[in-house]
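The values are calculated or read from the model by the stated rules, or taken from the named source; none is laboratory data. All values reported here derive from a predicted model rather than from experimental measurement. Cβ sites come from the backbone with ideal geometry, for glycine too, and all protein chains shown count toward neighbours.
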Amino acid sequence: MPVQGEFKTIQKIKEMLLPLHRKDVKVGIGDDCSVLDIGLEKEYLLLGSDSIVEGKHFLYNMPDRSLIGRKAVGAALSDVAAMGGYPLFLTVDLGVPNYLEREHLEEIVSGMRFLLDLFDVDVVGGDTVKSDVLYLSVSVVGKVEKEKVVLRSGAKKSDWIWVSGPLGGSLYRRHLLVSPRIPEARFLVQNFTPTAMIDISDGLVKDLFHILEESNVVAELVKEKIPVHKDAKNWEEALYMGEDFELLFTLSEYDSQRMLASIGALPYRFYPIGKVVDSGTVGLYLRDGRNCYPLSPKGYEHF
C-alpha cells in the first residue's frame, strides 16, 4: 500500500522511531525544528531541514534560477524563525541531473548567497548525488535562548492568533522570493512571549491546525481580519494556498493588548486574525459577520 499524505507519513515514522535514546532531545520530530540541550548554559541547539524538488516546488527552465537557491535556503531559515531562534550554519545536499549546466548551477548558488550574506549564515558542508531531477535539501543549525524557544504546543484558551504579513497569491511568484521572518521572530521573543508559533508553508488553515492539534485547543478566525495579499485572486487563497512563509503565532490576551496598543510604533507590522476560544478538543471555525463555519485542515499537499 502506498504512503498516504505527508503528515500521516511523518507521524508513522515518528511512532516507529520511539522511544528516543537520548535525554538531550527536548523536542524531536513534529515541530519546525528539533530542540536539543547539548549542555549550553543559556541556549538550545535547533536542527531543521527542508527540501525542494524540480517540478514540485520550482521549474528548471524558469527565467531567474537564482530564486531556486534562495527558496531552498529561505525555507530552511524560516523553520528556525518559527522557533524564535537565529540560524548559524547550513549543509546542502544537491541532486544533479544530466541537464544541469555549470552557469545554471552558479545562478542557483548566487541565490543561496543572497540569504547567507543577509543573515550571516555559512554553508559548511553537504553532499552531491546524481539524480533524475534537480533537487536541493538544506539542513540548518541554529540556536535559541532556553527561556525564549517557541513550540507549536503552547496555545491556550483566550490567546489571540496573529500573522506577520498578508497572505495568499504566493504561488504566482512570491513563493520563490522567500524572506525568512527571522528579524520579526527575534523581535517577538525579545519583547513579547509567543505561546505557540509556526511558519506558513502549507497554508494558514492547515498550519494553524498543527498548532491546534499540538495545543489541544479550538480557534476562531475572523474573515475580515485576515490580511489578503495584493497578489491573491480571492480571499480563499489567503486561507489555503500556502508558501507565504509568514509567521503564525499566538499571544496571551495581555501581550495581545500590549501589541495592539503599540502597533503604530513597532518596527514590524503584525495582524490579529482570531482567538483561541476553547480547550480540551481540536477545532477551527471561520466567523463571517454573524455566521460561523467549521474549517477542515486542507491546504498544500506535498504528496
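If residue 126 meets every condition in (1) surrounded by 14 or more Cβ atoms within 10 Å (Cβ to Cβ); (2) modelled with pLDDT under 95 apart from one, which number is that one?
(2)
Matching residues to (1) at pLDDT 95 or above; (2) out of contact with any Ser or Thr (no Cβ under 7 Å at 6 or more places or on another chain); (3) more than 20 Å from residue 152 (Cβ to Cβ):
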position: 21; (1), (2), (3): no, yes, yes
position: 29; (1), (2), (3): no, yes, no
position: 33; (1), (2), (3): yes, yes, no
position: 40; (1), (2), (3): yes, yes, yes
position: 49; (1), (2), (3): yes, no, no
position: 53; (1), (2), (3): yes, yes, yes
position: 71; (1), (2), (3): yes, yes, yes
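Within the stretch 103-111, is there a residue that is on the phi > 0 side of the Ramachandran plot and not assigned by TED's automatic domain parsing to the domain that holds residue 176?
No; the residues of the stretch 103-111 include none that is on the phi > 0 side of the Ramachandran plot and not assigned by TED's automatic domain parsing to the domain that holds residue 176.
If a residue must be among the acidic types (Asp, Glu), closer than 17 Å to residue 59 by Cβ and part of a helix (DSSP H, G or I), how many such residues does the stretch 104-134 contain?
Count: 1.
Name the residues in the stretch 18-47 that are in contact with a Gly (Cβ under 9 Å, 6 or more places away or on another chain), outside any strand (DSSP E or B) and surrounded by 14 or more Cβ atoms within 10 Å (Cβ to Cβ), would you?
Selection gives 32, 33.
Identify the single condition in (1) over 18 Å from the mean Cα position of the chain (by Cα); (2) assigned by TED's automatic domain parsing to the domain that holds residue 61 that residue 221 does not satisfy, given that it satisfies every other one.
(2)
Among the candidates 130, 56, which residue alone is closer than 30 Å to residue 16 by Cα, in contact with a Phe, Trp or Tyr (Cβ under 9 Å, 6 or more places away or on another chain) and of a type outside the set (Phe, Trp, Tyr)?
Among 130, 56, only 56 is closer than 30 Å to residue 16 by Cα, in contact with a Phe, Trp or Tyr (Cβ under 9 Å, 6 or more places away or on another chain) and of a type outside the set (Phe, Trp, Tyr).
In the stretch 48-76, what count of residues is obtained for those that are touching a helix residue (DSSP H, G or I) at 6+ places or on another chain (Cβ under 6 Å) and part of a loop (DSSP other than H, G, I, E, B)?
Final tally of qualifying residues: 1.
Mind checking whether some residue in the stretch 94-104 is within 26 Å of residue 251 (Cα to Cα) and at pLDDT 95 or above?
Looking through the stretch 94-104, none of the residues is within 26 Å of residue 251 (Cα to Cα) and at pLDDT 95 or above.
Is there a residue in the stretch 238-256 that is under 16 Å from residue 207 (Cα atoms) and more than 23 Å from the chain's Cα centre (by Cα)?
No: zero hits.
Do the conditions hold for residue 84, that is, is it touching a helix residue (DSSP H, G or I) at 6+ places or on another chain (Cβ under 9 Å), of a type outside the set (S, T, N, Q) and not assigned by TED's automatic domain parsing to the domain that holds residue 170?
In short, yes.
Report yes if residue 271 is modelled with pLDDT under 95 and under 22 Å from residue 179 (Cα atoms), otherwise no.
Judged against the criteria, residue 271 is not a match.
Give me the pairs: first residue in the stretch 251-272 and under 19 Å from residue 154 (Cα atoms), second residue crowded, with 16+ Cβ neighbours inside 10 Å and among the charged types (D, E, K, R), beta-carbon distance under 9 Å, and six or more apart or on different chains, which are they?
251/159; 252/159; 253/159; 253/275; 255/159; 256/159; 256/275
Here is a list of conditions, (1) touching a His at 6+ places or on another chain (Cβ under 7 Å); (2) touching a residue at least 60 places away in the same chain (Cβ under 8 Å), and residue 65 meets all of them except one; can you say which number that is?
The failed condition is (2).
Scan 131, 170, 139 and give me the residue that is among the hydroxyl-bearing types (Ser, Thr, Tyr), at pLDDT 95 or above and buried (at least 22 other Cβ atoms within 10 Å of the Cβ).
Just one listed residue meets the conditions, 170.
I'm trying to understand the selection: among the residues of the stretch 147-179, which are touching a Lys or Arg at 6+ places or on another chain (Cβ under 6 Å) and farther than 25 Å from residue 35 by Cβ?
Across the stretch 147-179, the qualifying residue is only 176.
Collect the residues in the stretch 236-269 that are aromatic (Phe, Trp, Tyr) and either in contact with a Leu (Cβ under 9 Å, 6 or more places away or on another chain) or at positive phi (or both), keeping them in residue-number order.
Scanning the stretch 236-269 gives 240, 245, 249, 268.
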